[in-house]
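Report on the structure given below.
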Amino acid sequence: MKIIKTDGNNKDFYGLCVKLNDYFGTNVPGWKEAGMSSLFGMENFKDVFILFDGDRPIGSAGIWYHDEERVEVVRVFVDDDYRGQGLVKLLFDTVESFVVKKGYESLYLRTLRITPSAVRAYEKLGFDEVTAKEYKYTDKFTKALQFAESRVYMKKKLNK
């Protein structure tokens, strides 16, 4: 296993985001109908981490910089064949180390209540649920607003 750092224009990252989008389209009622897409804005990601098994891309995590104080991990995905092997922790350890070096003290993420296994995985990684207000969440995209009630906002205080 190896992790590379790249950006949102990487073809392997694109392929993993397609798989993530397919997962949401299959498992999240209303996702497709709302026109939601995990491919939206990915070219704007400056920092992306991709996990490989040999030459096969099997996982990803992107970083979205909100401002000088808030950074969010997005597009977290591990291929079905590799789930349950602790690889999300490996990705998050890499992401956390990277953002700490950049001076951030906390890491944020969003997920959906309809994916309780993801919520539990993030809790095991040290994330706590916070309110949308504490998260400072505002969505300018009307397509996403219908999912506001089903979102879980999470935060982790990072060790420096």
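I'm told Leu90 meets every condition in (1) of a type in the set (A, V, I, L, M); (2) touching a strand residue (DSSP E or B) at 6+ places or on another chain (Cβ under 6 Å); (3) at pLDDT 90 or above except one. Can you identify the failing condition by its number?
(2)
Pairs please, first residue from the range 114-125 and of a type in the set (Gly, Ala, Ser), second anywhere and in a helix (DSSP H, G or I) and open to solvent by less than 70 Å² (accessible area, probe 1.4 Å), Cβ atoms under 6 Å, 6+ apart in sequence or on different chains.
Ala121/Val88
Any idea how many residues of the range 4-58 are on the phi > 0 side of the Ramachandran plot and either modelled with pLDDT of 80 or more or more than 14 Å from the chain's Cα centre (by Cα) (or both)?
Counting residues in the range 4-58 that are on the phi > 0 side of the Ramachandran plot and either modelled with pLDDT of 80 or more or more than 14 Å from the chain's Cα centre (by Cα) (or both) gives 3.
Kindly establish whether Met1 is open to solvent by 50 Å² or more (accessible area, probe 1.4 Å), at pLDDT below 95 and not small (Gly, Ala, Ser).
Yes.
If we keep just the residues of the range 74-103 that are touching a residue at least 60 places away in the same chain (Cβ under 8 Å), part of a helix (DSSP H, G or I) and open to solvent by 20 Å² or more (accessible area, probe 1.4 Å), which is nearest to Ile58 (Cα to Cα)?
Leu90
The values are calculated or read from the model by the stated rules, or taken from the named source; none is laboratory data. Quick caveat, the model's predicted, so the values are computed rather than measured. Quick reminder, even Gly has a Cβ in these numbers, built from the backbone with ideal geometry, and neighbours come from all protein chains shown. SASA here: full protein model, heavy atoms, side chains in, ligands and nucleic acids out. Shrake-Rupley method; radii C 1.70, N 1.55, O 1.52, S 1.80 Å.
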